[in-house]
1. Ala50 passes all but one of (1) away from the ligand (no atom under 11 Å from the Cβ); (2) closer than 19 Å to Tyr9 by Cα; which number fails?
2. Sort out for me the helices (runs of 4 or more DSSP H) sitting completely within region 1-120 that have 1 or more residues that are buried (at least 20 other Cβ atoms within 10 Å of the Cβ) and without any contact (Cβ under 8 Å) to a residue 60 or more places away in the chain.
3. Taking region 80-95, which residues are acidic (Asp, Glu) and within 9 Å of the ligand (Cβ to nearest atom)?
4. Looking only at region 104-116, count every residue that is more than 13 Å from the ligand (Cβ to nearest atom) and in contact with a Leu (Cβ under 9 Å, 6 or more places away or on another chain) and tell me the total.
5. Tally up the residues in region 126-138 that are under 24 Å from Lys31 (Cα atoms) and outside any strand (DSSP E or B), please.
Amino acid sequence: MIYIKKEDYNSIIDYGREGLPNEVCGLLAGKIEGRDRIIEKVYYLTNIDASPEHFSMDPREQLAAIRDMRKEGLIMIGNFHSHPETPSRPSEEDKRLAHDSNSRYLILSLADTEKPVLRAFIIRNHTEVSMEEINISS
Ligand SMILES: [Zn+2]
């Protein structure tokens, strides 16, 4: 199970909506307790591709986020990005770019802007996709 605070969940959705029509992206940090991953901090990064179908995280912002995680004693849990027009599941490109089976890939679909869908995925060997439940706590 992945735990995320309601305010972080809402901020990710806001960020995704503000970024339309392009994809947005960011990093997720927190702690791991047994099988659970608890998101404690969300980093909102610039999609330097500025594209509705691709994202690349700004490398300098990425580095700054990783430094901040170290400083705060947080572990990198994974990342998130939005799908402005498509469902919340990894695209072929997402699978190809997924290099860490220990990481969690959160995808926010804004295909229905009134009903955003955020799901978390584990991607193994660039092919095997499984979903992990997200618990939104208030
Ligand atoms: Zn994607």
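1. Failed condition: (2).
2. On the way: elements: 6-19, 59-72, 92-97.
Of the helices (runs of 4 or more DSSP H) lying wholly inside region 1-120, those with at least 1 residues that are buried (at least 20 other Cβ atoms within 10 Å of the Cβ) and without any contact (Cβ under 8 Å) to a residue 60 or more places away in the chain span 59-72.
3. Taking region 80-95 and keeping what is acidic (Asp, Glu), we get 85, 92-94.
Correct list: Glu93, Asp94.
4. Taking region 104-116 first, the residues more than 13 Å from the ligand (Cβ to nearest atom) are 104, 112-116.
Subset that is in contact with a Leu (Cβ under 9 Å, 6 or more places away or on another chain): 104, 113, 116.
Adding up the residues that qualify gives 3.
5. Residues of region 126-138 under 24 Å from Lys31 (Cα atoms): 129-138.
Among the residues that remain, those that are also outside any strand (DSSP E or B) are: 133, 138.
Here the count works out to 2.
Residue-by-condition table, conditions (1) at pLDDT 95 or above; (2) touching a helix residue (DSSP H, G or I) at 6+ places or on another chain (Cβ under 9 Å); (3) more than 16 Å from the ligand (Cβ to nearest atom):
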residue: Tyr15; (1), (2), (3): yes, no, no
residue: Arg37; (1), (2), (3): yes, no, yes
residue: Val42; (1), (2), (3): yes, yes, yes
residue: Met57; (1), (2), (3): yes, yes, no
residue: Gly78; (1), (2), (3): yes, no, no
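The values are calculated or read from the model by the stated rules, or taken from the named source; none is laboratory data. Quick caveat, the model's predicted, so the values are computed rather than measured. Heads up, the Cβs are rebuilt from the backbone with ideal geometry, glycines too, and the neighbour counts pull from every protein chain shown.
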